[in-house]
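Everything below concerns the one structure shown next.
The values are calculated or read from the model by the stated rules, or taken from the named source; none is laboratory data. Since we're looking at a predicted model, the values are computed, not measured. Neighbour counts are summed over all protein chains in view; Cβ atoms, including those assigned to glycine, are modelled from backbone coordinates with ideal geometry. For the accessible areas, the whole protein counts, side chains as well, though only heavy atoms, and no ligand, DNA or RNA atoms are used. Shrake-Rupley method; radii C 1.70, N 1.55, O 1.52, S 1.80 Å.
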Amino acid sequence: MHIKIENLNKVYKGGSYAIKNLNLEIPNGMFGLLGPNGAGKSTLMRILVTLMKPSSGKVTINGTLDLAKNRREIRAMLGYLPQDFSFFSKLKTYEFLDYAARLAGMKNGATRRTAVEQMLEEVGLFEARDRIANKLSGGMKRRLGIAQALINDPKIIIVDEPTTGLDPEERIRFRNLLSTISTRDVTIILSTHIVGDISSTCDNMALLNKGNLAFSGSPEQLVKEAEGFVWLIKATEKEYLEINEKYPVISTIPIDGGWEVQVVAENINGYYGTQIKPNLEHAYVHFMENKLNSWSNA
Ligand code: ADP
């Protein structure tokens with residue numbers, strides 16, 4: 001599956017652009033869409049799942065299917081887990097997924113039963129199949145959410161802010177589940193404002209800010225752009241307070257009566273520190289602080 005987005009715009013009533021002249025290609029595998037709140041991620045997701053029409057521009061799938069003309073075919077190949085996914089209160093987990101399978105058009109009882117049971121196994125909910133879906137833990141609900149998105153064997157899977165509200169263990173489990181699914185012949189688009197959702201799992205990514213595409217490429221490429229901009233400073237208490245005012249601080253560790261402070265900056269004039277290897281979180285901060293500030297003022 002290959003998605004091509006060309007000159008896409010979305011203007012809401014009132015005239016502000018939620019998506020501005022977006023050009024982006026999304027290949028097979030796991031694709032991370034990262035950006036702060038208000039960047040336009042949900043708007044883009046809603047356009048891609050045909051819940052909303054763009055103001056202008058074009059989206060094609062595999063070079064032949066056009067989002068504006070082939071809505072029904074495209075819907076049939078989509079699985080969507082929205083940010084505010086919620087479900088009917090009284091159904092048991094099995095019944096819920098069975099219902100989703102019926103909605104997806106699986107009419108044959110025996111085939112549906114096999115598909116539902118296999119899916120429950122895959123997302124680790126088989127043991128919980130008789131529990132009321134509404135009473136599952138946050139992580140289990142999300143896994144049931146992905147199960148309903150996958151039941152129809154979709155080729156494009158769109159997941160909006162999947163780990164919001166999950167504890168760390170559930171977050172890792174959910175990421176691993178997506179990772180496993182992404183090894184099939186599918187495209188998974190994962191939209192998030194959490195850098196950690198992207199780093200370990202995505203082959204490619206894009207960074208959106210205020211409706212504009214700020215970066216697209218691999219997470220490694222984004223990290224490379226931050227080389228030379230990440231510092232570990234040894235600071236006294238007084239210096240730490242100054243540094244905190246001047247630079248984006250990534251982390252602080254107390255050491256020998258002072259602090260070891262990680263910052264993202266072009267230089268650290270006057271402080272004692274060394275450069276360190278950037279990770280994706282550093283790169284994201286570098287992009288948002290330096291590149292985008294100068295870029296949005298341009
Ligand atoms: P994200 O998902 O990255 O947080 P959104 O796509 O929700 O971003 O929002 C992008 C921009 O569009 C924001 O400025 C938001 O306020 C605006 N917006 C989103 N939905 C609507 C709407 N229904 N009507 C008007 N403006 C909207």
Next on the checklist: Can you report the number of residues in the range 26-73 which are more than 16 Å from the chain's Cα centre (by Cα) and either closer than 14 Å to residue 5 by Cα or buried (at least 21 other Cβ atoms within 10 Å of the Cβ) (or both)?
Outcome noted: 17
Item to check | the range 43-57 residues that are within 19 Å of residue 209 (Cβ to Cβ), paired with ones that are acidic (Asp, Glu) and more than 12 Å from the ligand (Cβ to nearest atom) (beta carbon under 7 Å, 6 or more apart) | outcome: 57/6
Next on the checklist: When the residues of the range 18-32 are narrowed to those that are touching a Cys at 6+ places or on another chain (Cβ under 9 Å) and of a type in the set (A, V, I, L, M, F, W, C), which ends up farthest from the ligand (Cβ to nearest atom)?
Outcome noted: 30
Next on the checklist: Looking for something touching a residue at least 12 places away in the same chain (Cβ under 8 Å), within 16 Å of the ligand (Cβ to nearest atom) and either closer than 27 Å to residue 182 by Cβ or in the same structural domain as residue 165 (by TED's automatic domain parsing) (or both) - is there at least one such residue anywhere in the range 86-100?
Outcome noted: no
Checklist entry - Which numbered condition trips up residue 116, out of (1) under 18 Å from residue 154 (Cβ atoms); (2) within 16 Å of the ligand (Cβ to nearest atom); (3) in contact with a Phe, Trp or Tyr (Cβ under 9 Å, 6 or more places away or on another chain)? => result (2)
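Residue-by-condition table, conditions (1) of a type outside the set (S, T, N, Q); (2) touching a Ser or Thr at 6+ places or on another chain (Cβ under 6 Å); (3) free of Cβ contacts under 8 Å to residues at least 12 places away in the same chain:
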site: 185; (1), (2), (3): yes, no, no
site: 190; (1), (2), (3): yes, no, no
site: 199; (1), (2), (3): no, no, no
site: 207; (1), (2), (3): yes, no, no
site: 231; (1), (2), (3): yes, no, no
site: 238; (1), (2), (3): yes, no, yes
site: 254; (1), (2), (3): yes, no, yes
site: 266; (1), (2), (3): yes, no, no
site: 281; (1), (2), (3): yes, no, no
Next on the checklist: Looking only at strands (runs of 3 or more DSSP E) that lie completely in the range 122-235, which have at least 3 residues being of a type outside the set (Gly, Ala, Ser) and open to solvent by less than 10 Å² (accessible area, probe 1.4 Å)?
Outcome noted: 156-160, 187-192, 204-209
Item to check | Residues (within 17 Å of residue 132 (Cα to Cα) and either of a type outside the set (Ser, Thr, Tyr) or surrounded by fewer than 21 Cβ atoms within 10 Å (Cβ to Cβ) (or both)) located in the range 92-118 | outcome: 92, 94, 95, 96, 97, 98, 99, 100, 116, 117
